[in-house]
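What follows draws every value from the coordinates through simple rules; no lab data is involved. Values in this document were obtained by computation on a predicted structure and should not be read as measured data. Cβ sites come from the backbone with ideal geometry, for glycine too, and all protein chains shown count toward neighbours.
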Amino acid sequence: MTIISNGLIALTGLLHLGFLVLEMFLWTGPQGRAVFRMTPEQAETTRVLAANQGLYNGFLAAGLFWSLLQAEPTFAFQLKVFFLVCVVVAAIYGAWSVKPRILLIQGGPAIAALVFLLVAS
């Protein structure tokens, strides 16, 4: 169970690194505009907001990776729970405010990781 939860935590962290790249560096390019179905004008208008959002995704990724590298088991568990819950809350809000699919893409791996983590403890 621990190996599965750690793998899902790593996957969640990698996804958030991908979100960082998309939102901070690819937002106004063809890839970013295609993913979010935006015109060049819309992308340029929201560029700064997207970069800020990308930065926060980077913080979530950093926290998830930190939780995997933390040597003290109790503190590592606390970090894992905290950052996974942060991701799940962000996914719920994104699903409510933007589109329901966000809950699956962003929240799915985090929810699964949290379940396996809690079952393993």
Computed helical MRE - 222 nm, the chain, DSSP H runs ≥ 4 contributing -39500 (n - 2.57), nearest 500: -28000 deg cm²/dmol
Under Karplus coefficients 6.51, -1.76 and 1.60, residue-wise ³J(HN,Hα) of segment 46-62 in Hz, glycine/proline x: 9, 3, 5, 5, 5, 4, 5, 4, x, 4, 5, 5, x, 5, 4, 4, 4
Along the charge dipole of segment 4-84, pointing to its positive end and built from +1/-1 on Cβ of Lys, Arg, Asp and Glu, which listed residue (Asn57, His16, Val35) has its Cα farthest out? Val35
When N is the residue count of segment 56-98, what does its C-alpha Rg come to as a fraction of 2.2 N^0.38 Å? 1.27
Taking only Cα atoms, what is the 0 to 90° angle, nearest 10, from helix 108-120's long axis to the longest principal axis of the chain? 10
Mind pulling up the Rg/Rh value for segment 1-72? Radius of gyration and Kirkwood radius, both on Cα. 1.13
Coordinate range along principal axes, alpha carbons of segment 2-120, Å, largest first: 48, 25, 18
Please give the helix 2-24 orientation as an angle from the longest Cα principal axis of the chain, in degrees from 0 to 90, rounded to the nearest 10. 20
